[in-house]
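Enquirer: Submitted below is the structure of interest, expressed as structure tokens.
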Amino acid sequence: MRRLRSLVFAPLFASLLGLSLSVAAQTYPAKNVELILPYAAGGGVDAMARAFAREATRVTGQNWIVVNRDGAGGVVGFTALSHAAPDGYTLAFSPASPMVNSPFVMKEMPFRNEQIEPLCQIFENVFAIAVRPDSPIKSMEDLVARAKANPGKLSYGHAGAGSVPHMSVGALEKSLGVKFNAIAYRGDGPMLPQLLGGELDFGAPALSSIGGKNLRVLAVLSDKRSAAAPDAPAVTQLGYPAVTPGLNGLYAPAGLPRPLVEQLQGICQKVVEGEGFGKAAQGMQQTPVYLNGPQFKARIERTYKTNADLVPDLKLEKS
């Protein structure tokens, strides 16, 4: 009798569960959506998150509210996300750095990557090799030649140990057989005055950070040119290996029902490819680049593996 009840009710339960998830997806969102921004207010990622939230609010008819939960290079915000209910009402807008960079600079990670569901890529934060206008270094070829002639002598600034530009330049060092003198800063803000003042030979800032700064961009750390620096070649055009830019996207706690995952990807694509978000991004020297969940997740996994291979060469100390 017990087995008979199981045979009768199991399919019914599965059908009702599927129906409830379908209904949830159809009515989503039925209330405000909290969008965790795991960095401080006022930065470039914060501005992009708020532009995304404005357009997502317009598309869905419900408020998307940005909540800054900064600390530990984004790890505090991702930890909060990993503990949130997987119902689509707590999401994160962030670079993938807490997943692909932080594990190599922190002794203990308070969350696991498996607890995070990457939903979609929204834009790539592209970095560059830049020098002051009167620098004697005139090209990437010149920079590489000087580095080979003076191993470890050319100084450059980056946004912090284990950051995207640090890893990107490290990848170039490894592939080209050169060594620079890396100097870490707490972001591009404090690094740029040192670069402009001549204390550094070159820098690896984000293109979004150098608008109007009168710097000469030698190359873009990407596999394609950028509209933010149209005259600068991508490193791949110079015959150097491709490097991964900052991968910025939308994330959810693991366990989000599949219908909601698919609906959120659709919302994300509609916003990213919409005119309103595109104009806002252009004003911040950023270019929206949509990838769906599987594509974004695969790119994150490849970047993690690439960074893992770089760590021994960069000699990163965990704190």
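Only the coordinates and a few stated rules stand behind these numbers; no lab work does. All of these numbers come straight from a predicted model, not from anything done at the bench. Note that each Cβ is placed from the backbone with ideal geometry, even for glycine, and that neighbours are counted across all protein chains shown.
Enquirer: Between 267, 36, 129, find the one with the highest GNM mean-square fluctuation for the chain; connect C-alpha pairs within less than 10 Å.
Expert: Comparing 267, 36, 129 in a Gaussian network model of the chain, the most mobile one is 267.
Enquirer: With each pseudo-label sitting 7 Å past Cα toward Cβ, what's the residue 309-residue 27 distance in nm, one decimal?
Expert: Roughly 4.9 nm, to one decimal.
Enquirer: Neighbouring Cβ atoms within 10 Å as the yardstick, rank 79, 303 fewest first.
Expert: 79, 303
Enquirer: I've got another one for you. Between 96, 147, 189, whose Cα lies farthest towards the positive end of the dipole of the chain when Lys and Arg beta carbons carry +1 and Asp and Glu beta carbons carry -1, centred on the Cα centre?
Expert: Farthest along the dipole direction, towards plus: 96.
Enquirer: Using amide H atoms built 1.01 Å from N in the peptide plane, name the residues 5+ places from residue 33, or on other chains, whose amide H lies under 5 Å from its own.
Expert: 63, 64, 65
Enquirer: Search the structure for amide H atoms under 5 Å from the amide H of residue 289, placed 1.01 Å from N in the peptide plane, and list their residues when 5 or more places away or on another chain.
Expert: Those qualifying (amide H under 5 Å, at least 5 residues apart or on another chain) are 123, 124.
Enquirer: Can I ask one more? Taking the Cα centre of the stretch 127-244 as origin, sum charge times position over the Cβ atoms of Lys and Arg (+1) and Asp and Glu (-1), and report the length of that vector in debye to the nearest 20.
Expert: 100
Enquirer: On to the next question. Can you list the HN-Hα couplings for the stretch 115-127, worked out from phi with the Karplus curve (6.51, -1.76, 1.60; θ = phi - 60°), rounded to whole Hz and with x for Gly and Pro?
Expert: Karplus-based 3J(HN,Hα) across the stretch 115-127 equals 8, 10, 10, x, 8, 6, 8, 10, 7, 10, 8, 8, 10 Hz.
Enquirer: Let me ask you something else. In a GNM of the chain with a 10 Å cut-off on Cα contacts, which of 227, 161, 149 has the highest mean-square fluctuation?
Expert: It is 149.
Enquirer: Below 28 Å, Cα to Cα, which lysines can residue 213 reach? Residues fewer than 8 away in the same chain don't count.
Expert: 138, 153, 179, 224, 279
Enquirer: Given a Förster distance of 25 angstrom, what is the FRET efficiency for residue 174 paired with residue 289, based on the Cβ-Cβ distance and rounded to 0.05?
Expert: 0.45
Enquirer: Could you list 305, 270 in order of exposure, starting from the residue whose Cβ has the fewest other Cβ atoms within 10 Å?
Expert: Fewest-to-most Cβ neighbours within 10 Å comes out as 305, 270.
Enquirer: Work out how much length residue 67 to residue 41 would gain on full extension: take 0.36 nm times their residue separation and subtract the Cα-Cα distance, in nm to one decimal.
Expert: Answer, rounded to one decimal: 8.5 nm.
Enquirer: Does the stretch 127-244 classify as rounded, prolate or oblate by the C-alpha gyration tensor (a ≥ b ≥ c root eigenvalues; a/c under 1.5 gives rounded; else a/b over b/c gives prolate, otherwise oblate)?
Expert: In terms of gyration-tensor shape, rounded.
Enquirer: Tell me the label only: which of (1) 42, 25, 19; (2) 41, 21, 16; (3) 26, 23, 19 is semi-axes √(5λ) of the Cα gyration tensor in Å as calculated from this structure?
Expert: Answer by label: (2).
Enquirer: Apply the Karplus parameterisation 6.51 cos²θ - 1.76 cosθ + 1.60, with θ equal to phi minus 60°, to every residue of the stretch 150-156 and state each ³J(HN,Hα) to the nearest whole Hz, in sequence, with x for glycine and proline.
Expert: 3J(HN,Hα) across the stretch 150-156, in whole Hz: 9, x, x, 8, 6, 8, 9.
Enquirer: Quick one: if you stick a label point 7 Å off each Cα along the C-beta vector at residue 213 and residue 87, how many nm between them?
Expert: 4.3
Enquirer: Would you please give the residues with an amide H less than 5 Å from that of residue 225, counting only those at least 5 places away or on a separate chain, with H modeled from the backbone geometry?
Expert: Amide H neighbours of residue 225: 234.
Enquirer: Now a separate question. Separation between the residue 301 and residue 150 pseudo-spin-labels, each 7 Å from Cα along Cα→Cβ, expressed in nm?
Expert: The two pseudo-label positions are separated by 4.4 nm.
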